[in-house]
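The values are calculated or read from the model by the stated rules, or taken from the named source; none is laboratory data. Computed from a prediction, not measured in an experiment: that's the story for all the values here. Glycine gets a Cβ as well: all are built from the backbone with ideal geometry, and neighbour counts include every protein chain shown. These area figures cover heavy atoms from the full protein model, side chains too; ligands, DNA and RNA do not enter into them. Shrake-Rupley method; radii C 1.70, N 1.55, O 1.52, S 1.80 Å.
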Amino acid sequence: MSTPAAEMTALDQPPAPVSLMQAFWFWLKLGFISFGGPAGQIAIMHEELVERRRWISEKRFLHALNYCMLLPGPEAQQLATYLGWLMHRTWGGIVAGALFVLPSLFILVLLSWVYIAFGDVPVVAGVFYGIKPAVTAIVLHAAHRIGSRALKNNWMWAIAAASFVAIFAMNVPFPIIVATAAIIGLVGGKLFPAKFNGSAGHAGAQKSYGAALIDDNTPTPEHARFSKVHLAKVLVTGALLWLVPMGLLTASLGWQNTFTQMGWFFTKAALLTFGGAYAVLPYVYQGAVGHYGWLTPTQMIDGLALGETTPGPLIMVVAFVGFVGAYVQAAFGPEHAFVAGALAAALVTWFTFLPSFLFILAGGPLVESTHDDLKFTAPLVAITAAVVGVVVNLSVFFAYHVWWPSGFSGRFDWIAASISALTLIALFGFKRSIMQVLGAAALMGACLSLFGLL
């Protein structure tokens with residue numbers, strides 16, 4: 001049995017260096033087990049990388065996380081990209097970020113095909129019947145979770161209320177709401193700094209788990225030092241990686257083609273995801289359902305349900321949107337509907353996540369130039385408050401289509417409403433996980449179908 005002194009000696013020594021191949025297998029594993037949304041995914045990375053493997057110290061981990069929280073896009077995927085880049089240069093970041101996304105892409109393509117091809121089978125339809133009201137409650141729970149952090153004073157409540165009215169009653173586009181909130185935050189931060197003061201939401205490092213490969217005082221690696229030449233290379237490469245596929249789509253299919261419009265639409269969506277995936281979903285349904293008609297409101301709810309039940313970022317629901325939009329429209333003809341759907345899913349994933357990689361590879365060296373805690377700016381505080389309003393609107397949108405499937409003039413679905421209520425009780429009262437409540441809701445829906453109660 002080892003003595004406490006021996007244990008302390010072992011903790012005082014950093015672990016053995018990690019090769020890119022060793023890191024590859026870890027990031028691949030993470031891609032398949034990263035359930036639980038951003039909070040769960042970040043917790044998994046902290047446990048694995050900080051506590052158990054000691055690849056990076058608590059302080060450096062939180063420093064990277066604070067930067068990722070400031071960016072549009074999925075913060076957990078960006079954190080994986082940042083840590084992979086810090087350890088193994090550019091290819092390390094690409095491997096970590098890509099493997100965080102690819103498993104969920106393949107799973108969602110398969111599930112999307114099952115949904116389209118077999119969605120009318122009674123048991124399958126029953127499963128989705130049970131999941132949809134649960135998703136309605138999950139979105140409302142997300143609004144509460146974001147609001148509990150963001151709505152710290154009357155100013156923030158007013159911004160949230162105004163954003164809800166703007167998108168619900170006036171159908172104001174989500175980008176305009178974001179821009180307006182940013183302007184309010186910019187002005188308010190100067191006039192009333194105490195009201196618009198916010199932090200990245202993560203406390204400083206509180207404890208040490210032993211010496212880490214990248215420790216508090218480990219010098220910044222050479223590749224992580226800021227260089228104008230490196231920044232120029234990243235920006236030029238990123239521009240080409242966007243321009244070449246977009247140019248090929250436009251030249252071969254035309255600007256108005258479904259694939260081209262998907263690439264353009266999800267590029268814009270990628271730059272508007274302040275506050276996480278729930279914040280951008282209103283923009284996605286405004287465009288995908290309302291403007292382009294790629295899928296129906298019911299299909300949008302089903303897509304979110306599938307996104308909740310798969311590993312990876314929740315924003316991967318865009319793959320479902322792309323697949324269904326191209327499959328239903330039979331972009332390559334009825335006999336190649338699956339190919340069209342799979343290609344669309346891959347394309348929208350590319351355009352959605354490309355900016356995330358660029359933010360990390362371009363901005364990482366600037367972040368590593370200081371290890372001070374990063375703070376949210378006043379505009380971002382106001383944007384987060386506005387996000388609460390649009391997410392509440394999203395829950396209202398879902399509730400309407402789930403509880404009144406034929407509109408207000410039709411019957412009220414008491415069974416669906418009851419499933420939503422039970423889900424809220426499980427989430428708020430019993431602190432059940434999203435996977436648990438979705439599993440229970442799916443089982444209820446399947447049983448209702450089997451017993452002919454739907």
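Using 1/(1 + (r/R0)^6) with R0 = 22 angstrom and r between the beta carbons of GLN13 and ARG53, what's the FRET efficiency to the nearest 0.05?
On the way: r = 14 Å, r/R0 = 0.63.
Between GLN13 and ARG53 the formula returns 0.95.
Long-range amide H contacts for ILE56: which residues qualify at under 5 Å (H placed 1.01 Å from N, peptide plane, sequence gap of 5 or more or a different chain)?
LEU213, ILE214
With every protein chain left in place, what is the accessible area of ARG225 in Å² (1.4 Å probe, nearest 10)?
It works out to around 120 Å².
With a 1.4 Å probe and all protein chains in place, put CYS447, CYS68 in order of accessible area, largest first. Let's see the in-between values first.
Numbers: CYS447 55, CYS68 0 Å².
Listed by decreasing accessible area, they come as CYS447, CYS68.
Membrane-span-like helices in the chain: DSSP H runs reaching 30 Å or more (Cα, own axis), mean Kyte hydropathy at least -0.5?
Numbers: long enough: 75-118 (44 Å, 1.23); 122-150 (42 Å, 0.88); 228-253 (37 Å, 1.46); 337-368 (46 Å, 1.73); 378-403 (38 Å, 1.84).
Correct list, ordered by number: 75-118, 122-150, 228-253, 337-368, 378-403.
Could you work out how much longer the chain between LEU453 and LEU28 gets when fully extended? Use 0.36 nm per residue separation minus the Cα distance between them, nm to one decimal. Can you show the working numbers first?
Numbers: separation 425, 0.36 × 425 = 153.00 nm, distance 4.23 nm.
Using 0.36 nm per residue and subtracting the Cα-Cα distance, I get 148.8 nm.
Please work out the Cα convex hull volume for the stretch 71-202 and give it in Å³ per residue.
Numbers: hull volume 23.3 nm³, N = 132.
That works out to 176 Å³ per residue.
Counting only heavy atoms of the protein chains, get the accessible area per residue of the chain (1.4 Å probe) and round it to a whole Å² value. Write out the running numbers ahead of the final one.
Details: 20440 Å² over 454 residues.
In whole numbers, the chain has 45 Å² accessible per residue.
For the chain, which whole percent of the accessible surface, found with a 1.4 angstrom probe, sits on carbon and sulfur atoms?
Details: 14100 of 20440 Å².
For the chain, the apolar C and S fraction of the accessible surface comes to 69 percent.
Let me know the shape class of the stretch 49-92, please: from the alpha-carbon gyration tensor, a ≥ b ≥ c as square roots of the eigenvalues, rounded when a/c is under 1.5, otherwise prolate if a/b is greater than b/c, or oblate.
On the way: a/c = 2.11, a/b = 1.26, b/c = 1.68.
Judged from the Cα gyration tensor, the stretch 49-92 comes out oblate (a/c at least 1.5, b/c at or above a/b).
Taking N as the number of residues in the stretch 305-454, what value does Rg over Cα atoms divided by 2.2 N^0.38 Å take? It would help to have the intermediate numbers written out before the result.
Values: Rg = 20.7 Å, N = 150, 2.2 N^0.38 = 14.8 Å.
This ratio for the stretch 305-454 stands at 1.40.
Please compute, over every Cα-Cα pair in the stretch 280-321, the percentage with a separation greater than 17 angstrom. Please report the intermediate quantities before stating the final value.
On the way: 171 of 861 pairs.
The answer is 20 percent, as a whole percent.
Rounded to the nearest 10 Å², what accessible area does TRP55 have for a 1.4 Å probe in the complete protein model?
Surface open to solvent at TRP55 totals about 20 Å².
Using the C-alpha atoms of the stretch 292-341, what convex hull volume per residue, in cubic angstrom, is computed? Show your work: numbers first, answer last.
Numbers: hull volume 3.7 nm³, N = 50.
Residue-normalised Cα hull volume stands at 74 Å³.
For the chain, just say rounded, prolate or oblate: build the C-alpha gyration tensor, square-root its eigenvalues into a ≥ b ≥ c, call rounded for a/c under 1.5, and beyond that prolate if a/b exceeds b/c, oblate if not.
Details: a/c = 1.45, a/b = 1.41, b/c = 1.03.
The shape class here is rounded.
Using square roots of five times the C-alpha gyration tensor eigenvalues, list the equivalent-ellipsoid semi-axes of the stretch 230-341 in whole Å, biggest first.
Listed largest to smallest, the semi-axes of the stretch 230-341 are 24, 21, 12 Å.
Pairs LYS59/LYS190; LYS233/LYS268; LYS132/LYS152; LYS132/LYS431; LYS152/LYS431: which are spaced more than 26 Å apart, C-alpha to C-alpha? Mind showing how you got there, number by number?
Details: LYS59/LYS190 30 Å; LYS233/LYS268 23 Å; LYS132/LYS152 31 Å; LYS132/LYS431 20 Å; LYS152/LYS431 23 Å.
Exceeds cut-off: LYS59/LYS190; LYS132/LYS152.
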